[in-house]
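Note sheet for the following structure.
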Amino acid sequence: MKKTIMITSVGSLVGKNILDSLHANRENLRIIATNSAVEAAENFRCDKTFLVPLTENEKAFIDQLMNIINEEHPKLVIPGRDDDIVILARLKELMPEHKEIFLTGSEKFAHIMDNKVESYKFAQQYGLPFAPTIQSATQQAKSESRELIEKFGFPLIAKPSKGNGSRGIWIVLNQEQLDNIIEKPDFALQPLFGQRQDIQLDTTLGIPFFWEIPEKCLHAVQVLITKDGKVGPSLGFISEMVGGKCERVDLCEDPELLETANKFAECAAQEGWRGTFNIQLKKDPKYGFQAIEMNGRFSGGTSARYYLGFDEVTWILKDWLGDDALISNPVPE
């Protein structure tokens, strides 16, 4: 009998990557999913897809997820977006009879990963290298920003405190820009680590129709944590990002990178995290590897890592479902 797994927000890039990675095991699984957009192509790659409210309508979203779980009895529920992670971690506590099916850990750590300032505090607590991160629009924001500039200089990078996908990010080049953004709520500011480059917009011929700051050397590690909290396999890689999406992945076996990521994962497991753990880092000539954010899901590079021989989705399914019938690391077709 096929085992049922459930993917939330299946229309996302992450949802697509999960489905792509399961192609060799498709006949062994019954895949159900949820999505808030009825027209998403990935809806139609599943055995059954449920139209659900947006996560912003949290109560209605949670109520419908609970109904689906009670009716369909999935053996594993996989988050397809950052917005889903905290909610699934909460459901783990709201539905104790189903707590083993959620591919998440503690709600406390889900909130830590969802907030870059809290992520920095977590790293400080465990003595882990994380880019110093301050919150905008607080009483101490101006003094903390001065300390950042005194130590690291410009540029800084300002990101939504709770955000993903490289949306809403600003590069702060000078004091005037810093004075403006430090007053705006809900920004997390960090030094812009990595190889410095000329990031001034060239307007000699006008304003480019498309323009972005190249990100060709984003280090990251995908780590898998077992149901019982043991740190499992990991893969280090360098991503080339275009428009906030991963367009190329190259293996990176730097021992310092892998050791740093595993230390983060061990501390995350101590805080109750289970399943997938992804950490992104910048390598700075002066400060070495500095983490810049963490998340607890598969990512837009999951299928690329699959083709590099790291079949993270099947590994997780085997750990959660204990199904030896699933095929690991099949030869790509």
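For this structure, a couple of remarks:
- Those residues of the stretch 24-63 which are in contact (Cβ under 8 Å) with a residue 24 or more places away in the chain, assigned to a loop (DSSP other than H, G, I, E, B) and of a type in the set (S, T, N, Q), in sequence order: Ser36, Thr55
- Look at (1) buried (at least 17 other Cβ atoms within 10 Å of the Cβ); (2) not in a loop (DSSP other than H, G, I, E, B) and you find that Glu97 fails only one, number (1).
- Residue within the stretch 5-14 that is in contact with a Cys (Cβ under 9 Å, 6 or more places away or on another chain) and more than 17 Å from Phe61 (Cα to Cα) present: yes
Rundown of residues vs (1) over 28 Å from Leu88 (Cβ atoms); (2) modelled with pLDDT under 95; (3) in contact with a helix residue (DSSP H, G or I) (Cβ under 7 Å, 6 or more places away or on another chain), yes/no style:
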residue: Leu251; (1), (2), (3): yes, no, no
residue: Pro255; (1), (2), (3): yes, no, no
residue: Lys263; (1), (2), (3): no, no, no
residue: Gly296; (1), (2), (3): no, no, yes
residue: Tyr307; (1), (2), (3): no, yes, no
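- Residues in the stretch 1-23 that are assigned to a strand (DSSP E or B) and more than 22 Å from the chain's Cα centre (by Cα) were compared, and the one that is modelled with the lowest pLDDT is Lys3.
- Meets criteria (in a loop (DSSP other than H, G, I, E, B) and more than 16 Å from the chain's Cα centre (by Cα)) for Phe298: no
The values are calculated or read from the model by the stated rules, or taken from the named source; none is laboratory data. Owing to the predicted nature of the structure, the values given are computational and were not obtained by experimental measurement. Note that we place each Cβ from the backbone using ideal geometry, even for glycine, and neighbour counts take in every protein chain shown.
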